[in-house]
1. How much of Lys16 can a 1.4 Å solvent probe reach, expressed as accessible area in Å² and rounded to 10?
2. Extending each Cα 7 Å along its Cβ direction at Met1 and Ile22, get the distance between those two points in nm, one decimal.
3. What FRET efficiency comes out for Glu35 versus Asn12 if R0 is 22 angstrom and r is the Cβ-Cβ distance? Round to the nearest 0.05.
4. Within region 1-43, what whole-number % of the accessible surface is contributed by carbon and sulfur, with the 1.4 Å probe and all protein chains included in the calculation?
5. I need the phi-derived Karplus couplings for region 6-22: 6.51 cos²θ - 1.76 cosθ + 1.60, θ = phi - 60°, integer Hz, Gly and Pro marked x.
6. For the chain, evaluate the Debye formula with one uniform point scatterer on each Cα (no solvent term) and list log10 I(q)/I(0) at q = 0.20, 0.29 Å⁻¹, rounded to two decimals.
Amino acid sequence: MAKSKFLAFRINPELKRDIQRIADDEQRNVSQICEMLLYEGVESYKKEGAKFVQRLVAKQKQRTK
């Protein structure tokens, strides 16, 4: 499938390092890893709806404490 859209956003440097490590370990590029992770998140949201996001927000709050 041809890709014609661009998405850019700022992230925490630690998260960027972790994504880069995953990409290196899997011999893929950062864009491929991000696309896979985003796709899986969207699919989970489609199945679970708001519960999925609520669970993510709760996890994020725990990390920032």
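The values are calculated or read from the model by the stated rules, or taken from the named source; none is laboratory data. Please read all numbers here as calculations on a predicted model, not as lab measurements. Heads up, the Cβs are rebuilt from the backbone with ideal geometry, glycines too, and the neighbour counts pull from every protein chain shown. Protein only, heavy atoms only, side chains kept; ligands, DNA and RNA dropped before computing areas. Shrake-Rupley method; radii C 1.70, N 1.55, O 1.52, S 1.80 Å.
1. Taking all protein chains as shown, Lys16 has close to 100 Å².
2. For the pair Met1/Ile22, the computed spacing is 1.9 nm.
3. On the way: r = 19 Å, r/R0 = 0.87.
So the FRET efficiency works out to roughly 0.70.
4. Numbers: 2290 of 4200 Å².
Summing carbon and sulfur atoms, their accessible area is 54 percent of the total for region 1-43.
5. Couplings: 10, 9, 9, 7, 8, 9, 5, x, 5, 5, 4, 4, 4, 5, 5, 4, 4 Hz.
6. Evaluating at q = 0.20, 0.29 Å⁻¹ gives log10 I(q)/I(0) of -1.05, -1.19.
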